[in-house]
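This report refers to the structure that appears directly beneath it.
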Amino acid sequence: MTDCEKKTLKLHLLFSFFNGSSMGVTWSLYEVVARKALGASAFQITLLVMGLPFAWLLSSVFTNAMQTQKSYRPFLIGAGMVRMAAMSGMFWVHSPWQYLALMVAYLVPLGVINPAQNFVLARNYPDEHRGAWFGIATSVTNGMSLITAILGGALLDVNQQWFRPIFFAVGTLGAVASFILASIPVPRRETLERWENPVKKIFHIFKKDKKFWIFERNFFIYGCGFLILSPVIPLFMVDALGMTYKEISFARGVLGVLGVIVFSPFTGRFMDKHNPFVYAGKIFALLALFPVMLFVGGFAGKSAVYGAYILYSLAMAGITIVWNIGSIFFAQKDSEATYQSIHITMTGVRGLIAPLFGFMAMHFFGYYTAFVLSFVLFITASTMMVHAAKTNAD
């Protein structure tokens, strides 16, 4: 391991520690807080879960600006400051709409952080180790997320109005993570790009790089299956099953990340040896069992939901790797951030569509229709990835 690789790994693990600490309560309970503490409606919950996709949708705009500069550091520092400012505003929140606006403001900087992270990892980690090092960092992220999810759930069960100081702490930790990522030394970009229309740029790259287009098309189908469930699950847990903060944080924040913590270093190594088509096809098939188990949970109760999240965490040990660094497989030098920004922009596009379909399926036909629809999309994406692995991944 080179000195650059060692230093990057140390700072990357430190970034993962703080980033994971900020994620535990956010990812496992932020919609639940809106429902329980502020009385958010089903439609407001749907808009809330569309906040992260909105951040992804803006990613290409942010990355276009970043690609005109030699260093991404100022953008990462700015992202950290926005995260802290947004969560500071939680002390004055008294309605679901105020809460929604601040959560979206907190999530938008991820459209800067994720592409910048890809550029750093692509430059400072060699191809043969990148998946393994990212897998270890992912375990650290999710380990800290597990701890803070347990703590956050326990505190909110004592007094759910404590979400205000809890989310302020989340914003501070998230800001520190962004500042640490900005401190990782990375070679200056050799080629600067001029500002381009983000939409035209995406279509140009898809036209030029057919394999990347096929990968993104199949990933889009998988993502719709995943995001259809985003407004359904919190309402299913709170309203249909009557689960408490602790029970939900245990399912989503503990069982939902255990597999990621344990298996990410191994799935990262697997990624180093296989192309993204093969890798994603197998993981999507495993994830298809998640909505099946949720379906069963409607009849068998909370135990089946816990089982669903065990399966989910095993699948996410692979999904997390391929989602974050799969685009590097296709990218040319100096275009790593651009390719990842396209990848997460596509996440944003489906994130503004799929939750609405999930909401309508739930509203008109019930929870179980949404679970079946999700299963069908997962299996379709898996089949198409396996086919692509045979025909396009030479």
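The values are calculated or read from the model by the stated rules, or taken from the named source; none is laboratory data. This structure is a prediction, so every number in the text was calculated from the model and none was measured. Heads up, the Cβs are rebuilt from the backbone with ideal geometry, glycines too, and the neighbour counts pull from every protein chain shown.
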Which one of L151, L121 is among the hydrophobic types (A, V, I, L, M, F, W, C) and touching a helix residue (DSSP H, G or I) at 6+ places or on another chain (Cβ under 7 Å)? L121
Among the residues of the stretch 106-139 satisfying the criterion of being hydrophobic (A, V, I, L, M, F, W, C) and over 17 Å from S60 (Cα atoms), which is surrounded by the fewest Cβ atoms within 10 Å (Cβ to Cβ)? I136
Take the residues in the stretch 358-370 that are surrounded by fewer than 17 Cβ atoms within 10 Å (Cβ to Cβ) and of a type in the set (A, V, I, L, M, F, W, C); name whichever of them is nearest to the chain's Cα centre (by Cα). M360
Quick test for you: out of A285, A280, pick the one residue that is closer than 23 Å to T380 by Cα, at pLDDT 85 or above and of a type in the set (G, A, S). A285
Looking at G318, G281, which is the one that is part of a helix (DSSP H, G or I) and either charged (D, E, K, R) or buried (at least 24 other Cβ atoms within 10 Å of the Cβ) (or both)? G318
Would the stretch 167-176 turn up any residue that is of a type outside the set (G, A, S), modelled with pLDDT under 85 and on the phi < 0 side of the Ramachandran plot? no
Which listed residue is farther than 25 Å from T26 by Cα and hydrophobic (A, V, I, L, M, F, W, C), from A65, A105: A65
Filter the stretch 40-89 for residues that are polar (S, T, N, Q) and assigned to a helix (DSSP H, G or I); the one that is farthest from the chain's Cα centre (by Cα) is S88
Scan the stretch 314-327 residue by residue and report those that are closer than 24 Å to Q340 by Cβ and either more than 13 Å from the chain's Cα centre (by Cα) or among the charged types (D, E, K, R) (or both). A315, G326, S327
Of everything in the stretch 13-27, what is under 23 Å from V186 (Cα atoms) and surrounded by fewer than 23 Cβ atoms within 10 Å (Cβ to Cβ)? Give them in sequence order. L13, L14, F17, F18
Close pairs (6 angstrom Cβ cut-off, 6 or more residues apart or separate chains): more than 18 Å from H343 (Cβ to Cβ) and basic (K, R) in the stretch 59-85, in a helix (DSSP H, G or I) and modelled with pLDDT of 80 or more anywhere: R73/A182; R83/Y106; R83/G171; R83/G174; R83/A175
The stretch 161-175, residues that are free of Cβ contacts under 8 Å to residues at least 12 places away in the same chain and crowded, with 19+ Cβ neighbours inside 10 Å: none
